[in-house]
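The values are calculated or read from the model by the stated rules, or taken from the named source; none is laboratory data. Note that the coordinates shown come from a computational prediction; the quantities given were computed from them, not determined experimentally. Cβ sites come from the backbone with ideal geometry, for glycine too, and all protein chains shown count toward neighbours. These accessible areas exclude ligands, DNA and RNA; they are computed on the full protein's heavy atoms, side chains included. Shrake-Rupley method; radii C 1.70, N 1.55, O 1.52, S 1.80 Å.
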Amino acid sequence: MRQKDRLAALFLALALVLAGCEPVEKQAQEKLNGVLEWVGGKVAGALDKLENAEYEGGPFENNEESARAYLLGQLKEKYGRDFVITGREDLHNYGALAGATYRCEAAPADKPEQVFTALVSQSRYRKVIDDYAIWFYKEEAEAPVLAFCKEFDYVLDQRVSLEMPETSVTWTGEDSLKFFLNNSGAYVKIVLRLEDGKDVDFYAAQIQDFLSRVKELDCDLLLQARAEKTYIYHRELSILKGFDPASIPLEDIREDVEIMMKVGAPRTEEELAEERAKREAEEKANDPDSEVLP
């Protein structure tokens, strides 16, 4: 609950308590309620102003032009090359304490097809965080996973992509793929296309068969399966931490498939990351004692 909502609830609770106290004359109670309503409105207004206030001393101004120039400068400093914005810009102000956050899609100026996401903020993320490093390892990481998926006759099609969380760490491609996978949080996302028109038990058996061998891949995975134009399975597999997907019981797989067939597609990793960043910024804006990182 946001701070202003908590205060509003507190004033309401106080009013209800006092309203139930005896003996409190009706006239006095009405006056008290009026005072509480006035104070509550003043507090809520003050909090709204605080939330919409400008952050002082940030590395860029609260507008897209300034944020864009700052982020591109940060990327050039980090990787030693020029970048361009390719789309999906988002600038959001979280108030005087946390400031504005700017997220976008970017790519190297000479390789516009290598699109990645990047983010900077006026407070916490003054050093750019991004997932550009996937382009150093993408082909090497995805090839064995793609070949593995094609070994299963019931997999009609597949999408394979190397993914990673946005980071301030500067990866250059000089490290081995194994070192990168073990230290960056990167994983390979697999989306399997299965036959339409089958029941839960049929899909669960196929997914269990796939999971029984997937440890052969020396990387963490996000496994998804689709049928009937919807997602029927979604599971993160931390193989590099020693987890064996073959140990997942068939009944657990069946239950997951049954639920997924009812609720539909999960949110993407990008949507989850944006939600986490927004939540962290809101918590920071509502906590006056939180530390503003340089």
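Things worth noting here:
- Some residue of region 167-176 being small (Gly, Ala, Ser), farther than 23 Å from residue 67 by Cα and surrounded by fewer than 18 Cβ atoms within 10 Å (Cβ to Cβ): yes
- Flag if residue 238 is modelled with pLDDT of 95 or more, open to solvent by less than 60 Å² (accessible area, probe 1.4 Å), in contact with an Asp or Glu (Cβ under 8 Å, 6 or more places away or on another chain) and not aromatic (Phe, Trp, Tyr): yes
- Selection within region 67-77 - touching a Cys at 6+ places or on another chain (Cβ under 9 Å) and open to solvent by 20 Å² or more (accessible area, probe 1.4 Å): 68
- Residues in region 131-170 that are in contact with a helix residue (DSSP H, G or I) (Cβ under 6 Å, 6 or more places away or on another chain) and without any contact (Cβ under 8 Å) to a residue 40 or more places away in the chain were compared, and the one that is nearest to residue 205 (Cα to Cα) is 158.
- Residue 194 falls short on exactly one of the conditions (1) touching a Phe, Trp or Tyr at 6+ places or on another chain (Cβ under 9 Å); (2) closer than 30 Å to residue 129 by Cα, and that condition is (2).
- Among the residues making up region 213-235, those that are outside any strand (DSSP E or B) and open to solvent by less than 40 Å² (accessible area, probe 1.4 Å) are 214, 217, 219, 220.
- In the condition set (1) surrounded by fewer than 16 Cβ atoms within 10 Å (Cβ to Cβ); (2) among the acidic types (Asp, Glu); (3) modelled with pLDDT of 95 or more, residue 56 is compliant with all but (3).
- In region 140-166, the residues that are closer than 29 Å to residue 228 by Cβ, open to solvent by less than 60 Å² (accessible area, probe 1.4 Å) and among the hydrophobic types (A, V, I, L, M, F, W, C): 145, 147, 148, 149, 152, 155, 160, 162
- Residue match in region 192-212 (condition: surrounded by 19 or more Cβ atoms within 10 Å (Cβ to Cβ), out of contact with any Leu (no Cβ under 6 Å at 6 or more places or on another chain) and part of a loop (DSSP other than H, G, I, E, B)): yes
- All positions within region 78-128 that are open to solvent by 20 Å² or more (accessible area, probe 1.4 Å), within 13 Å of residue 60 (Cα to Cα), part of a loop (DSSP other than H, G, I, E, B) and not basic (Lys, Arg): 125
- Residues satisfying the stated conditions in region 171-202, i.e. over 22 Å from residue 239 (Cβ atoms), touching a helix residue (DSSP H, G or I) at 6+ places or on another chain (Cβ under 9 Å) and not β-branched (Val, Ile, Thr): 173, 174, 195, 198, 201
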